[in-house]
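> Sharing a structure with you now.
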Amino acid sequence: MGLHILMAEDDPDIQLVAGLALRKAGFTVTMVNTGMELLRRIGDAKPDLVLLDWMMPELDGPDTLARLREDEATRDLPVIFMTAKSQGFEVERGLKLGAKGYIIKPFDALTLGDQVKAILGR
Amino acid sequence: MTPATRGGVGAAARRLAFGALALVVCAAAAAGQPATPPATSTEAPPLPPRLVYGGDRAFPPFEYLDDNGQARGFNVELVRALAERLGVRIDVELRAWPETVARFDRHEVDLVSMAYSDLRAERYALLVPRTWTLDQAVVFRPGRRTYPNRLDLLQSETVAVEDLSVMQVLLDGLPEVQRPALLAFESQRAALDALVNGQATAVVGNSLTLGYWARQAGVERLVSVPVKSVAYHLTTQKDRAAAFARLADALAAFRDSDGIDRLVERHLVVPTRDPEWHQYASYLGISALVAAVLLVGAVGWNRSLSRQVERRTAELRDSEERYRDLFEHANDLIQSMDPGGRYLFVNRSWLRTLGYDEEEVRGMTFFDVVHPDSLQHCQRLFARVHAGEQIGPVRADFVSKAGRRITVEGSVSVKAVDGRIVATRAIFHDVTARQMAEDALRASEARSRSLIHNMLGGLITLDERGSIETINASGERIFGYEPGELVGQHVSVLIPETLRASSPTFLQEAFREAIGRVTEWEGRRKSGRVFPIELSFFEFHDGSGRHFAGSIRDISERREVDRLKNEFVSTVSHELRTPLTSIKGAMQLLLHDESLAGAGELKQLVAVALNNTERLIRIVNDMLDVAKIEAGKLNLQRRRTAVGDLVRTSVQNVEQIARGAGVGLVADVADGLPAVDVDPDRMVQALVNLLSNALKFAPEGSDVTIAARRAAGGGVTLSVSDRGPGIPAGEVSRLFEKFQQLDRGGGRRMYGTGLGLPITRGLVEQHGGRIDVSSAPGEGTTFRITLAGA
């Protein structure tokens with residue numbers, strides 16, 4: 001079994017496309033719709049990494065990341081932003097919050113798995 | 001009249017000499033005056049053996065009857081001397097002057113002495129050369145404000161004058177506006193009495209004669225103003241001029257042999273010791289004594305006297321010229337005025353600066369050149385000076401002939417004789433240029449101050465240690481302080497405490513970084529609030545050392561605008577990128593991934609790409625609509641439209657979505673509604689937006705209702721209601737803002753652009769309608785559009 005990704009994404013179409021791309025690259029993927037849902041399920045899911053959208057209802061990406069960092073259990077969990085927020089200051093802010101990587105949408109579905117692996121390998 | 005003075009014999013002699021000198025000078029001054037050309041001929045006819053000279057019995061010292069009725073005076077002796085030379089008999093008959101003139105005109109008198117006037121020159125034959133020169137004067141009682149010094153300035157006076165005298169002739173000849181009221185008397189003595197007793201305000205006549213009569217009458221103080229010198233001629237009738245040619249020749253010969261000068265010395269001396277000369281007798285006695293002394297001294301004495309006079313004249317001339325030269329060439333304006341303010345003397349610089357010529361100045365007073373703004377000030381100064389006050393440097397504004405304002409600065413002094421002020425002298429420096437420079441500097445300073453005070457940016461100056469020296473109004477406002485509150489405080493009060501604490505050398509670093517550059521910092525308001533500022537410093541030095549000036553702008557607002565702009569770009573970018581992500585990903589997988597399991601997944605990916613393409617189109621359309629609405633370029637194709645049609649079309653548009661969501665659609669249109677004047681496509685778009693919105697949040701199995709009712713004002717109200725979760729009161733205001741997709745938990749996930757409600761409001765408002773919303777959490781939401789009837 002490959003690495004387990006817990007992915008928070010509120011757009012079902014992107015869930016579908018990203019899920020196919022990541023599974024094809026050998027990852028196990030669990031999809032959740034919001035940051036809140038991610039926090040609820042992370043204890044059970046015990047993912048190896050988290051892919052996080054920025055703009056989500058209830059709890060957005062940055063706030064979700066902050067919450068993960070607050071919790072002893074998830075403090076060191078690798079988190080990668082995958083978001084349409086593409087301006088320089090936004091990327092900078094995401095990384096400053098403690099994300100390990102930042103993937104800008106639209107991503108490349110054929111190499112998405114490789115990008116994630118590359119970020120983890122850093 | 002010569003002021004009464006007392007002195008020793010030497011002084012008296014000196015004055016005597018100067019008196020003679022003065023007469024000589026006057027004569028020289030009058031030499032240019034025109035006279036009737038001599039009616040001479042080489043073969044002059046013989047004179048009749050007996051002639052009558054007619055004269056004025058009261059015209060001392062020229063011709064008069066003494067206490068014993070004897071004819072005396074300069075003219076009498078002259079005529080007798082001529083008679084002797086010519087070997088003819090000339091009887092001297094002195095009467096009242098008008099009588100003599102009448103007799104002369106009747107040819108009962110052959111010869112008279114007359115002062116020159118143009119009229120007389122036309123009527124009579126004035127023999128050349130002249131016999132002497134008469135100084136004419138206007139005599140006033142003292143205590144006046146001004147003493148006019150020209151005949152044409154006497155128009156407001158009542159002037160006493162001897163009948164048929166040259167002055168009467170001249171005054172009569174003045175243009176009416178300049179002519180004074182004239183009182184004619186048979187003698188100058190009577191004219192003088194008229195002045196003394198108040199009948200006249202001035203008397204005009206011969207200065208020697210008037211002076212003589214004044215002493216006779218015991219009048220102590222009068223002011224005599226010389227006005228004119230006129231040539232004095234032996235005169236005959238025109239028709240007898242040829243017959244008198246020999247007389248004229250004899251006169252010329254007599255003058256050439258200094259005969260006239262001897263007569264001058266005998267008769268025309270100016271008395272200098274008036275008190276003793278009150279009596280005519282004593283005057284005569286002393287005259288005789290002087291004459292005797294002169295005669296006894298004979299030619300030698302005369303020579304010596306004239307040498308003395310010459311030497312003193314030369315000395316005086318030298319010294320006068322030296323000072324005159326000094327005055328004339330001084331760059332300063334020098335003026336001397338009489339107590340009435342009338343100019344006695346002004347130098348070249350004065351004339352040049354004020355643009356007058358000497359002739360014009362003669363009739364002017366100080367107050368003629370004072371600028372109206374300065375007049376009161378100058379009158380006060382003048383009064384103070386005359387009250388004997390010593391005044392320091394004075395400043396005044398003059399006005400040149402051309403109307404230019406001239407600012408002068410200088411000093412004033414008075415000349416007093418026997419405690420009486422006779423002249424006021426002033427030396428002024430033209431400071432107009434300096435004044436203008438000062439004014440310009442002041443104006444420029446005021447301008448700068450106003451500019452600095454009113455500029456929107458803050459301006460602060462600090463000393464080297466960071467103490468605030470000045471700060472403008474904007475600076476105080478930016479930091480929230482009261483006017484004047486910051487001056488003297490240390491600049492660190494304007495810096496957030498965190499920065500102050502973090503580095504004791506913060507200020508130095510801040511200065512270094514901000515000098516000559518625009519930098520962004522955080523400032524601290526009086527309230528303690530931290531806000532962003534833009535700061536640039538420059539360094540300057542003045543007499544008191546090194547300073548810093550800082551230009552400060554509060555950039556809170558600009559930061560907020562920047563933030564909103566970034567947010568907008570970010571949102572738009574996000575909205576476009578999200579569907580593109582699905583489309584791109586789906587297409588990549590479809591094209592390259594052969595491992596995709598079955599037809600189910602393939603179809604699913606195609607549907608994703610298609611849906612997101614449509615979503616992208618909606619977003620682009622919405623954004624174009626927003627842009628059009630904001631630019632006011634929405635083109636409405638209005639027409640009369642039935643409300644029922646609008647509702648029906650809108651419902652048809654969303655029927656499929658409603659079915660998919662399991663939500664019922666209820667259309668409730670009241671009967672008899674008026675038609676509305678709208679662009680039906682745009683109004684349907686607005687209603688569809690509201691319906692789509694309602695369908696997103698309506699719980700499955702509930703109804704969304706669209707209703708049309710008559711509005712209170714006569715129009716129509718269209719409402720769209722759902723039974724969804726409702727909107728919290730605090731968020732209602734954000735509903736119509738762009739890209740504000742309210743987070744309404746439990747709502748069905750829909751692909752909203754966040755532009756639907758802003759566009760709806762824009763469409764309604766462009767139609768002249770109104771949109772509002774009522775909602776309560778848990779009870780659903782109702783949007784209402786109110787339109788005017790068509």
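The values are calculated or read from the model by the stated rules, or taken from the named source; none is laboratory data. None of these values were measured; they are calculated from a predicted model. Glycine also receives a Cβ, built like all others from the backbone with ideal geometry; neighbour counts cover every protein chain displayed. The area values use the complete protein model at the heavy-atom level, side chains included, leaving out ligands, DNA and RNA. Shrake-Rupley method; radii C 1.70, N 1.55, O 1.52, S 1.80 Å.
> Within the stretch A:102-115, is even one residue in a strand (DSSP E or B) and more than 12 Å from every other protein chain (Cβ to nearest Cβ)? Lay out the reasoning, then the answer.
Within the stretch A:102-115, the first condition is being in a strand (DSSP E or B), and the residues that meet it are A:102-104.
Subset that is more than 12 Å from every other protein chain (Cβ to nearest Cβ): A:102.
The answer is yes; a qualifying residue exists.
> Look at B:R659 and say whether it is more than 21 Å from B:V773 (Cα to Cα) and at pLDDT 90 or above.
Numbers: more than 21 Å from B:V773 (Cα to Cα): yes; at pLDDT 90 or above: yes.
So B:R659 fits the description; yes.
> Give me the residue from the stretch A:11-42 that is aliphatic (A, V, I, L, M), open to solvent by less than 20 Å² (accessible area, probe 1.4 Å) and at the interface with chain B (Cβ under 9 Å from one of its Cβ atoms) and, out of that set, nearest to B:A586 (Cα to Cα).
This residue is A:V17.
> Still on this model: List the number of the failed condition for B:N566; all other conditions in (1) surrounded by fewer than 16 Cβ atoms within 10 Å (Cβ to Cβ); (2) polar (S, T, N, Q); (3) away from chain A (no Cβ under 13 Å) hold.
Just one mismatch for B:N566, condition (3).
> Also, quick follow-up: Just checking, does the stretch B:775-784 include any residue being of a type in the set (S, T, Y), modelled with pLDDT of 90 or more, at negative phi and open to solvent by less than 10 Å² (accessible area, probe 1.4 Å)? Quick ask: steps written out before the conclusion?
Looking only at the stretch B:775-784, we keep the residues that are of a type in the set (S, T, Y), and these are B:775, B:781-782.
Filter once more, so that each one left must be modelled with pLDDT of 90 or more: B:781-782.
Next, from what is left, pick out any that are at negative phi: B:781-782.
Restricting the remaining residues to those that are open to solvent by less than 10 Å² (accessible area, probe 1.4 Å) gives B:781.
The answer is yes; a qualifying residue exists.
> What single numbered condition from (1) touching a residue at least 12 places away in the same chain (Cβ under 8 Å); (2) open to solvent by 20 Å² or more (accessible area, probe 1.4 Å) fails to hold for B:R106?
B:R106 satisfies all of (1) touching a residue at least 12 places away in the same chain (Cβ under 8 Å); (2) open to solvent by 20 Å² or more (accessible area, probe 1.4 Å) except (1).
> Out of all the residues in the stretch B:590-612, is one or more touching a residue at least 60 places away in the same chain (Cβ under 8 Å) and not polar (S, T, N, Q)?
Scanning the stretch B:590-612 turns up no residue that is touching a residue at least 60 places away in the same chain (Cβ under 8 Å) and not polar (S, T, N, Q).
> Under 19 Å from B:G756 (Cα atoms) and touching a helix residue (DSSP H, G or I) at 6+ places or on another chain (Cβ under 7 Å): does that describe B:V669?
Working: under 19 Å from B:G756 (Cα atoms): no; touching a helix residue (DSSP H, G or I) at 6+ places or on another chain (Cβ under 7 Å): yes.
Here the answer is no, as B:V669 does not meet what is asked.
> Here is a further query. Could you list all residues from the stretch B:625-645 that are more than 60 Å from the chain's Cα centre (by Cα) and open to solvent by 30 Å² or more (accessible area, probe 1.4 Å)?
In the first step, residues of the stretch B:625-645 are kept if they are more than 60 Å from the chain's Cα centre (by Cα); the result is B:625, B:636-645.
Once the filter is applied, which keeps residues that are more than 60 Å from the chain's Cα centre (by Cα) and open to solvent by 30 Å² or more (accessible area, probe 1.4 Å), the stretch B:625-645 yields B:L636, B:Q637, B:R638, B:R639, B:R640, B:A642, B:D645.
> Separate question: Looking at B:Q136, is it closer than 23 Å to B:R189 by Cα, of a type outside the set (A, V, I, L, M) and free of Cβ contacts under 8 Å to residues at least 40 places away in the same chain? I'd like the intermediate steps shown before the answer.
Details: closer than 23 Å to B:R189 by Cα: yes; of a type outside the set (A, V, I, L, M): yes; free of Cβ contacts under 8 Å to residues at least 40 places away in the same chain: no.
The answer is no for B:Q136.
> Based on this model, can you work out whether B:G600 counts as loosely packed, with under 11 Cβ neighbours inside 10 Å and more than 14 Å from chain A (Cβ to nearest Cβ)? Walk me through it before giving the result.
On the way: loosely packed, with under 11 Cβ neighbours inside 10 Å: yes; more than 14 Å from chain A (Cβ to nearest Cβ): no.
Considered against the rule, which asks whether it is loosely packed, with under 11 Cβ neighbours inside 10 Å and more than 14 Å from chain A (Cβ to nearest Cβ), B:G600 comes out as no.
> Hey, another quick one. Return yes when A:L51 is more than 10 Å from chain B (Cβ to nearest Cβ), farther than 19 Å from B:L589 by Cβ and open to solvent by less than 60 Å² (accessible area, probe 1.4 Å) and no when it is not. Full working, then the answer.
Values: more than 10 Å from chain B (Cβ to nearest Cβ): yes; farther than 19 Å from B:L589 by Cβ: no; open to solvent by less than 60 Å² (accessible area, probe 1.4 Å): yes.
Against the criterion (more than 10 Å from chain B (Cβ to nearest Cβ), farther than 19 Å from B:L589 by Cβ and open to solvent by less than 60 Å² (accessible area, probe 1.4 Å)), A:L51 does not qualify.
> Given B:E630, B:E594, which one is part of a helix (DSSP H, G or I) and charged (D, E, K, R)? If you could, list the steps in order and put the result at the bottom.
Working: B:E594 fails: part of a helix (DSSP H, G or I).
Going through B:E630, B:E594 in turn, the sole match is B:E630.
> Hey, another quick one. Scan the stretch B:679-692 and give yes if some residue there is modelled with pLDDT of 90 or more and in contact with a Phe, Trp or Tyr (Cβ under 8 Å, 6 or more places away or on another chain), otherwise no.
So the first thing to find is which residues in the stretch B:679-692 are modelled with pLDDT of 90 or more, and the list is B:679-692.
Restricting the remaining residues to those that are in contact with a Phe, Trp or Tyr (Cβ under 8 Å, 6 or more places away or on another chain) gives B:690.
The answer is yes; a qualifying residue exists.
> For B:T571, indicate whether it is open to solvent by less than 30 Å² (accessible area, probe 1.4 Å), within 11 Å of another protein chain (Cβ to nearest Cβ), in contact with a Phe, Trp or Tyr (Cβ under 7 Å, 6 or more places away or on another chain) and closer than 30 Å to B:P532 by Cα. Step through it out loud before you land on a result.
Values: open to solvent by less than 30 Å² (accessible area, probe 1.4 Å): yes; within 11 Å of another protein chain (Cβ to nearest Cβ): yes; in contact with a Phe, Trp or Tyr (Cβ under 7 Å, 6 or more places away or on another chain): yes; closer than 30 Å to B:P532 by Cα: yes.
Yes.
> Tell me yes or no: at least one residue of the stretch B:500-519 is in contact with a strand residue (DSSP E or B) (Cβ under 8 Å, 6 or more places away or on another chain) and either modelled with pLDDT of 90 or more or among the polar types (S, T, N, Q) (or both).
Yes: one or more hits.
> Are there helices (runs of 4 or more DSSP H) fully within the stretch B:361-474 with at least 2 residues that are open to solvent by 30 Å² or more (accessible area, probe 1.4 Å) and modelled with pLDDT of 90 or more? List them. First the steps, then the outcome.
Numbers: elements: B:366-369, B:372-386, B:432-454.
So the answer is B:432-454.
> Across the stretch B:158-180, what is the total count of residues that are open to solvent by less than 70 Å² (accessible area, probe 1.4 Å) and more than 22 Å from B:V230 (Cα to Cα)?
1
> Do the conditions hold for B:A667, that is, is it small (G, A, S), surrounded by fewer than 12 Cβ atoms within 10 Å (Cβ to Cβ) and either outside any helix (DSSP H, G or I) or away from chain A (no Cβ under 14 Å) (or both)?
Here the answer is no, as B:A667 does not meet what is asked.
> Looking at B:R618, B:R638, which is the one that is at pLDDT 90 or above and of a type in the set (K, R)?
Working: B:R618 fails: at pLDDT 90 or above.
It is B:R638.
> Show me the helices (runs of 4 or more DSSP H) entirely contained within the stretch B:67-157 in which 1 or more residues are at pLDDT 90 or above and on the phi < 0 side of the Ramachandran plot.
Numbers: elements: B:74-86, B:97-105, B:118-123.
The helices (runs of 4 or more DSSP H) meeting that bar are B:74-86, B:97-105.
> Right, next: Considering only residues that are farther than 19 Å from B:E476 by Cβ and in contact with a Leu (Cβ under 8 Å, 6 or more places away or on another chain), look in the stretch B:518-557 and name the one that is surrounded by the fewest Cβ atoms within 10 Å (Cβ to Cβ).
B:V518
> Among the numbered criteria (1) within 9 Å of chain B (Cβ to nearest Cβ); (2) open to solvent by less than 50 Å² (accessible area, probe 1.4 Å), which single criterion is violated by A:A66?
Status for A:A66: all satisfied but (1).
> Restricting the search to the stretch B:175-191, which residues are in a helix (DSSP H, G or I), farther than 15 Å from B:E157 by Cβ and among the hydrophobic types (A, V, I, L, M, F, W, C)?
B:A190
> Then there's this: Return yes when B:V561 is among the aliphatic types (A, V, I, L, M) and loosely packed, with under 14 Cβ neighbours inside 10 Å and no when it is not.
Answer is yes for this residue.
> Limited to the stretch A:1-10, what total is found for residues that are open to solvent by less than 20 Å² (accessible area, probe 1.4 Å), away from every other protein chain (no Cβ under 14 Å) and in contact (Cβ under 8 Å) with a residue 60 or more places away in the chain?
Total satisfying the criteria: 1.
> Out of the stretch A:69-101, which residues are in a loop (DSSP other than H, G, I, E, B), surrounded by fewer than 16 Cβ atoms within 10 Å (Cβ to Cβ) and either within 11 Å of chain B (Cβ to nearest Cβ) or in contact with a Cys (Cβ under 8 Å, 6 or more places away or on another chain) (or both)?
A:Q87
Yes/no per residue for (1) open to solvent by 60 Å² or more (accessible area, probe 1.4 Å); (2) of a type in the set (S, T, N, Q):
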| residue | (1), (2) |
| --- | --- |
| B:K584 | yes, no |
| B:H592 | yes, no |
| B:L610 | yes, no |
| B:T613 | no, yes |
| B:M623 | no, no |
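> Restricting the first residue to the stretch B:482-493 and requiring it to be in contact (Cβ under 8 Å) with a residue 12 or more places away in the chain, which pairs with a second residue that is loosely packed, with under 11 Cβ neighbours inside 10 Å and assigned to a loop (DSSP other than H, G, I, E, B) meet a Cβ separation below 9 Å and a spacing of at least six or different chains?
Pairs that qualify, where the first residue is in contact (Cβ under 8 Å) with a residue 12 or more places away in the chain and the partner is loosely packed, with under 11 Cβ neighbours inside 10 Å and assigned to a loop (DSSP other than H, G, I, E, B), are B:H490/B:R465.
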